[in-house]
Amino acid sequence: MNSEIIGLSDWLKTPPGAYLLAWERAQFDEAVSDIFGYHALQLGLPELDALQANRMPHRWLAMVPAALSTEASSQRWYTGAIAPGAPGSRRAALLTDPGALPFPENSLDLVILPHTLELSRDPHATLREVERVLVPEGRVVICGLNPTSLWGLRQRRGNLYQRLGYGEQFLPRTSEQIGYWRVRDWLRLLNFEVESGRFGCYRPSLTSQKWLDRFKWMDTAGERWWPIFGAVYFLVAVKRVRGVHLLEPGWKARKAPAAVPTVVANKEPIARSKSQA
């Protein structure tokens, strides 16, 4: 691994980065295709169009200015330009502080955070802001690097070697790797309910495409035998608000049951019969 590759944008062009990006793209497409609403936001990572399978009419990509991000290469996104050599990249619609999103409360139906928390200088503030702008029953989709994996182990070893004056990092430089269970705890404190979660990318921390392909079998074996040790985690959470009940649309309203006819005794014929008698 070239020691100059220190940002996520550069690292995603390497064989392990492309492998990770392909897995995440498939997960996002599956997760967001059936999420309905009007407004969706992806915060960061223009190399991945996480909303391409979503059908909401208003979808935005927001980028974080370099001064508010830990990624050294994020300066190139300050103007919202598309990365050269990345055909899947999108043009940023706005620049924003992840801890102060320019949206009113309860205004977004879906927020996508692809590696946003680990690149943020204050991941707690980012999650709190996501909770603020999401509507009740709105969803947040998060993916991040798993520190308890073969990739995370190699990264910690690389950090140690760098402090000793030699060695290289395998993964891009981030503020910290936030574990899956830690993110779940943060979400629970903000009244989110985790709908689904999974891990992926079980191949070893190799930089060669040839050797990554040889260990393709580990993706299937990992899901079965060591599912929590994937290099990346992916989860979907729903914002719950106590005391709030969503109104069903009119076409879903239940029809009132038809009145059951009842038999009413009519005494008039009896009265007539008595008079005739």
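Only the coordinates and a few stated rules stand behind these numbers; no lab work does. Because the structure is predicted, anything quoted here is derived from the model rather than measured. Virtual Cβ from ideal backbone geometry, glycine too; neighbours counted across all protein chains shown.
In this label model, TRP226 and THR207 are separated by 2.2 nm, measuring between points 7 Å along each Cα→Cβ vector. Between ARG198 and SER33, the FRET efficiency from the beta-carbon distance, with R0 = 22 Å, is close to 0.85. Annotation: amide H-H contacts under 5 Å for VAL241 (H modelled 1.01 Å from N, sequence separation of 5 or more, or interchain): GLU137.
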